[in-house]
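First comes the structure, then the notes that go with it.
The values are calculated or read from the model by the stated rules, or taken from the named source; none is laboratory data. Remember, it's a predicted structure, so these values are computed and weren't measured experimentally. Neighbour counts run over all protein chains shown; Cβ positions are idealised from the backbone, glycine included. We work out accessible area using only protein heavy atoms, side chains counted, and drop any ligands, DNA or RNA first. Shrake-Rupley method; radii C 1.70, N 1.55, O 1.52, S 1.80 Å.
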Amino acid sequence: MEWIQLTSPDDFRVKKIYDSYSISFPEDERRDWYKFVALFCHPQVKIFSVIEEAEDVGYLILWELKNHVFVEHFEVFSDFRNKNLGSQMVAYLLNSHPRIVLEIEPRDLNENSKRRFSFYQKNNFQLIDEMYVQPSYGKLKNPVNLWLLANYHPENLCDVKDEIYDIVYH
């Protein structure tokens, strides 16, 4: 598995990533194209295309924050799901970053959210906040009630959330 950091919205992979991102994530849980492209100018953001056997199989959008890495979006493309690639991607991420925080939909929302929560539990993530609210991505988008997971126990959850709110969503 190879991780390629994308450094420009002109990279040919970006359109495929954005197209899948737009289908896979609900409107309120994603950026519009212009805000997505603006991520490439932010010094704390890293966008990776994940390659397996010469095929683009997924991507990650990471924020390198003060005491942890925040995974804003993580996806295995639909053609490559159920092949253990997600677990391999998480294992690589865990080896590269000792402190990881991410958001997911509450487990009881639907069958997919139940599977997603189980996937993260199997990969050493624990629920750290079930009252978390993802701020709105823009004027026509709504805040979203999500769960916050981590692979460690933050000493001060309020500081973790404040940093995510202040840097990722503003």
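So the values come out like this:
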{"item": "Set 72, 64, 53: member being modelled with pLDDT under 95 and among the acidic types (Asp, Glu)", "result": "53"}
{"item": "Residue in the stretch 117-124 that is farther than 22 Å from residue 24 by Cα and not basic (Lys, Arg) present", "result": "yes"}
{"item": "Any strands (runs of 3 or more DSSP E) falling wholly within the stretch 61-142 and containing at least 2 residues that are open to solvent by less than 50 Å² (accessible area, probe 1.4 Å), of a type in the set (A, V, I, L, M) and over 27 Å from residue 170 (Cα atoms)", "result": "none"}
{"item": "Members of the stretch 52-87 that are touching a helix residue (DSSP H, G or I) at 6+ places or on another chain (Cβ under 9 Å) and farther than 20 Å from residue 23 by Cα", "result": "52, 63, 65, 66, 67, 68, 69, 70, 87"}
{"item": "Matching residues, the stretch 146-170, being more than 18 Å from residue 125 (Cα to Cα), open to solvent by 20 Å² or more (accessible area, probe 1.4 Å) and in a helix (DSSP H, G or I)", "result": "158, 159, 162, 163, 165, 166, 167"}
{"item": "Any hit, the stretch 26-34, residues being without any contact (Cβ under 8 Å) to a residue 40 or more places away in the chain, in a helix (DSSP H, G or I), over 19 Å from residue 117 (Cα atoms) and of a type in the set (Ser, Thr, Tyr)", "result": "yes"}
